[in-house]
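S.K.: First the structure, then my questions, so here it is.
The values are calculated or read from the model by the stated rules, or taken from the named source; none is laboratory data. Small disclaimer: the values here were computed from a predicted structure and weren't measured. Heads up, the Cβs are rebuilt from the backbone with ideal geometry, glycines too, and the neighbour counts pull from every protein chain shown. With ligands, DNA and RNA removed, areas are computed over all heavy atoms of the protein, side chains included. Shrake-Rupley method; radii C 1.70, N 1.55, O 1.52, S 1.80 Å.
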Amino acid sequence: MKTALVTGASSGIGAEIAKRLDSLGFNVIITARRTDRLETLANELKNPSTVIAADLSVREECLKLYEQTRDRNVSVLVNNAGFGMIGNFDETDLDKELSMIDVNCAAVHILTKLFLKDFKRKNRGFILNVASSAGLMPGGPLMATYYATKAYVVSLTRGISEELRSANSKVSISALCPGPVETEFNDVANCDFAVKGISADYCAECGLKGLFARKTIIVPDAGMKLAAGSARFAPDRLVLGVTRTMQKKKLDK
Ligand SMILES: NC(=O)c1ccc[n+]([C@@H]2O[C@H](COP(=O)([O-])OP(=O)(O)OC[C@H]3O[C@@H](n4cnc5c(N)ncnc54)[C@H](OP(=O)(O)O)[C@@H]3O)[C@@H](O)[C@H]2O)c1
């Protein structure tokens, strides 16, 4: 039986990815802090699933999660857990930001490294890192730390992807880079999107399609694909100014 591990599966994109992997015949290991939510999701899944409580802002819990799952023959790892925060950099809470860096970067880094070693040994396996279109931009005024964490995930994924490609490995790694998605993200980040988001289910569908097609960067929505593409050719100052205006709209809502 195929097994997948999905972090941040208690809501939003992670829950939808878990449901889709279940439909594809995977036994899904779902993890987050809110186990009541995970139990409810587990009851909806067709195949046997496993609920594991973990706070991925704590390094030891990332390592423990790996120890608890390493013998389960995981062939798909989805690093999805993450959150954002809005505000001027000199005003946002340092502890919360360091926790964000731990969840959005360190946990992704640790789990990717540990599972990648196993996947390379077996010469099979897929890793989907849920980054963001924020990670494709030159920076994110008013969400500076969040954008920086997602740029880290995009860069890490691209680097590993090239290592795997040049080694002719059958292991594949992808970064999912959506624009706004309708989830609980805004409640956590304490903001509102400036534009309407895509559904978490559609985002999950595009993410898994891109993952199994071995795409390194997956941008689900056409509008965001255009924006990210244009941003590569526009002067950084212009892109940063437009990004700031978009983020300011979120703050003002
Ligand atoms: N929504 C968007 O517009 C959007 C766009 C681009 C990228 N993303 C990315 O998509 C991913 C999923 O976010 P979402 O939009 O689906 O938001 P969400 O509905 O708020 O889900 C976030 C998930 O992350 C988990 N999580 C947060 N902190 C955690 C911690 N310390 N330990 C373990 N799990 C933790 C949450 O579980 P618990 O609270 O139960 O622990 C929850 O399951 C994130 O990486 C986010 O940055 C979102």
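S.K.: Taking only Cα atoms, what is the 0 to 90° angle, nearest 10, from helix 12-23's long axis to the longest principal axis of the chain?
M.R.: In the chain, helix 12-23 runs at an angle near 30 degrees to the longest axis.
S.K.: Return the calculated 222 nm mean residue ellipticity for the chain, to the nearest 500 deg cm²/dmol, obtained by summing -39500 (n - 2.57) across DSSP H runs with n ≥ 4 and dividing by the residue count.
M.R.: -16000 deg cm²/dmol
S.K.: Using θ = phi - 60° and the Karplus relation 6.51 cos²θ - 1.76 cosθ + 1.60, list the HN-Hα couplings for region 132-145 in order, rounded to whole Hz, with x at every Gly or Pro.
M.R.: Once θ is set to phi - 60°, the couplings for region 132-145 become 4, 4, 4, x, 9, 9, x, x, x, x, 6, 9, 4, 5 Hz.
S.K.: Given points 7 Å out from each Cα along the Cα-Cβ axis, report the D36 to A53 separation in nanometres with one decimal.
M.R.: Placing both labels 7 Å beyond Cα along the Cβ direction yields 1.2 nm.
S.K.: How charged is the neighbourhood of S75? Take every other residue with its Cβ under 12 Å from the Cβ of S75, and add Lys/Arg as +1 and Asp/Glu as -1.
M.R.: Around S75, the surrounding residues sum to +4.
S.K.: While we're here: For T3, what residues show an amide H to amide H distance below 5 Å, using hydrogens built from the backbone and excluding near sequence neighbours?
M.R.: N27, S75, V76
S.K.: How about region 27-56: which trypsin sites (Lys or Arg not before Pro) there are in a DSSP loop, with at most 10 other Cβ atoms within 10 Å of their Cβ?
M.R.: K46
S.K.: Placing unit charges on C-beta atoms (Lys and Arg positive, Asp and Glu negative, everything else neutral), compute the dipole magnitude of the chain about its Cα centre in debye, rounded to 20.
M.R.: With Lys and Arg at +1 and Asp and Glu at -1, about 1180 debye.
S.K.: Leaving ligands and nucleic acids out of the surface, order I17, I198 by accessible area at 1.4 Å, largest first.
M.R.: I198, I17
S.K.: Over region 3-252, how many percent of alpha carbon pairs lie in each 10 Å bin up to the one with the longest distance?
M.R.: 8, 33, 38, 18, 4, 0
S.K.: Next question, about the same structure. Rank A213, A53, A134 by mean-square fluctuation in a GNM of the chain with C-alpha springs under 10 angstrom and give only the top-ranked residue.
M.R.: A213
S.K.: Right, something else. Over the chain, what relative contact order in percent results from Cα pairs under 8 Å that are six or more residues apart?
M.R.: About 19 percent, as a whole number.
S.K.: Could you compute how much accessible surface R72 exposes when probed at 1.4 Å, giving the result in Å² to the nearest 10?
M.R.: Its accessible surface works out to 90 Å², give or take rounding.
S.K.: Can you list residues from other chains, or at least 5 along the same chain, whose modelled amide H is less than 5 Å from the amide H of I217?
M.R.: So I217 has HN proximity to A175.
S.K.: For region 1-70, take the convex hull of the Cα atoms, compute a quarter of its surface area, and give me that in nm², please.
M.R.: The directionally averaged projection comes out at 4.2 nm².
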